[in-house]
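*Asks:* Let me begin by handing over the structure; questions about it come next.
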Amino acid sequence: MQIITDPGQMQAIAEKLRLNRQLIGVVMTMGALHEGHLSLVKLARKSAGTVILTIFVNPRQFGPTEDLLRYPRPFEQDVALAKSAGVDYLFSPEAGSIYPEHFQTTLECGTLAARFEGEQRPGHFNGVVTVVTKLFNITKPHTAIFGEKDAQQLAVIRQLIADLNMDISIVAAPIVREENGLAVSSRNIYLSSQERSAAGIIYQGICHAEKRIAEHENNLQTIVKEVKEMISSTPGFHPAYVSFVDDTTFQPAETADAGKEYRLLLAVHVGKVRLIDNGKIRT
Ligand code: PAF
């Protein structure tokens with residue numbers, strides 16, 4: 001595995017790979033690699049001969065109250081994990097080479113990014129699509145793998161690809177869960193062991209919603225209320241939002257129509273940690 005820090009060098013390597021008819025798959029991360037990221041690498045391997053993993057803690061997607069400096073950066077451990085997962089190139093640029101002094105062009109998302117994570121984290125998705133576009137231009141992938149855990153991010157990136165005619169296919173990777181159902185995330189390390197085991201309640205909420213839909217409850221507000229109650233009755237757990245959305249438009253849905261796909265989106269505060277999760281629910 002080769003470690004590259006210079007965007008120009010990465011771009012030149014990607015161009016050469018393309019000229020040699022190599023299919024490039026990219027997995028973009030902010031580091032602190034875990035099982036979820038490794039599952040994305042595995043998926044990339046299936047569709048691409050060369051896998052590039054990017055590690056860049058993107059300052060532009062952190063909200064004004066979020067602590068960029070506190071974000072975990074276990075680089076040596078990440079290098080070892082990436083190597084053992086079979087990554088070919090690890091691209092890990094310095095912030096100054098991605099956003100040099102005179103940098104001034106940013107992308108702006110539309111309505112898909114307005115609610116939920118976009119509402120609670122102002123500027124977040126504009127920062128995401130700007131860096132993702134830069135990383136696409138630097139790594140020149142044919143395929144890019146993103147996790148379904150960040151469902152709204154995935155939808156925003158699919159929209160970016162369509163709106164800007166990018167010739168890249170997006171693969172969605174299923175959520176990886178811990179034994180109790182907690183979605184694997186870099187933020188889980190901030191939970192106490194007690195909080196971590198209690199956090200299975202979030203997944204139980206998703207399963208409850210699935211069960212209620214299967215029982216033909218079509219008032220989605222009723223189900224949301226039940227899920228919120230389940231979560232808030234766990235000491236220290238406070239839902240930030242729980243909402244059903246149409247799975248393609250991300251517009252909130254109030255009643256379940258037969259034969260449609262919805263997504264239940266959840267964000268939950270546990271102490272200083274904010275966990276997100278979601279589940280696709282078919283009627
Ligand atoms: O999902 C993430 O880790 C980040 O939002 C991404 C896609 C790497 C962009 O910084």
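The values are calculated or read from the model by the stated rules, or taken from the named source; none is laboratory data. Predicted, not measured: the structure shown is a model, and the values here were computed from it. Ideal geometry is used to build each Cβ from the backbone, glycine not excepted, and the neighbour counts take in all protein chains shown.
*Asks:* Please go through segment 173-186 and give me each residue that is surrounded by fewer than 16 Cβ atoms within 10 Å (Cβ to Cβ) and under 27 Å from VAL156 (Cα atoms), ordered by number.
*Replies:* Scanning segment 173-186 gives a single hit, PRO174.
*Asks:* Residues of segment 95-110 being surrounded by 10 or more Cβ atoms within 10 Å (Cβ to Cβ), free of Cβ contacts under 8 Å to residues at least 40 places away in the same chain and not in a loop (DSSP other than H, G, I, E, B), which ones?
*Replies:* Within segment 95-110, just ALA95 meets the criteria.
*Asks:* Is it the case that some residue within segment 62-72 is surrounded by 15 or more Cβ atoms within 10 Å (Cβ to Cβ) and closer than 13 Å to ILE138 by Cα?
*Replies:* Checked against the condition, which is being surrounded by 15 or more Cβ atoms within 10 Å (Cβ to Cβ) and closer than 13 Å to ILE138 by Cα, segment 62-72 yields no hits at all.
*Asks:* Within the bounds of segment 200-219, is there any residue that is within 15 Å of the ligand (Cβ to nearest atom) and among the acidic types (Asp, Glu)?
*Replies:* Scanning segment 200-219 turns up no residue that is within 15 Å of the ligand (Cβ to nearest atom) and among the acidic types (Asp, Glu).
*Asks:* Hey, another quick one. Could you list, ordered by first residue, the pairs with Cβ atoms under 7 Å in which the first is in segment 111-127 and under 17 Å from HIS269 (Cα atoms) and assigned to a helix (DSSP H, G or I) and the second is of a type outside the set (A, V, I, L, M, F, W, C) and modelled with pLDDT of 95 or more, at least 6 apart or interchain?
*Replies:* GLU117/HIS124; GLU117/GLN152; GLY118/HIS124
*Asks:* Follow-up question, since we're still on this one. Do any residues in segment 15-34 that are closer than 16 Å to PHE146 by Cβ have Cβ atoms under 8 Å from those of residues that are modelled with pLDDT under 95 and away from the ligand (no atom under 16 Å from the Cβ), where the two are at least six apart or on different chains, and which pairs are they?
*Replies:* GLY25/SER47
*Asks:* If you don't mind, another one. Identify the residue in segment 41-58 that is outside any strand (DSSP E or B) and near the ligand (Cβ under 10 Å from one of its atoms) and, among all such residues, is farthest from VAL79 (Cα to Cα).
*Replies:* The extreme case among them is ASN58.
*Asks:* Quick one: in segment 147-158, which of the residues that are within 10 Å of the ligand (Cβ to nearest atom), surrounded by fewer than 22 Cβ atoms within 10 Å (Cβ to Cβ) and in contact (Cβ under 8 Å) with a residue 60 or more places away in the chain is farthest from GLU35 (Cα to Cα)?
*Replies:* The extreme case among them is ASP150.
*Asks:* Scan segment 59-69 for residues that are within 15 Å of the ligand (Cβ to nearest atom) and among the hydrophobic types (A, V, I, L, M, F, W, C) and report the count.
*Replies:* Residues that pass the stated criteria total 2.
*Asks:* In addition: Report whether or not SER193 is touching a residue at least 40 places away in the same chain (Cβ under 8 Å) and either under 30 Å from GLU108 (Cα atoms) or away from the ligand (no atom under 16 Å from the Cβ) (or both).
*Replies:* no
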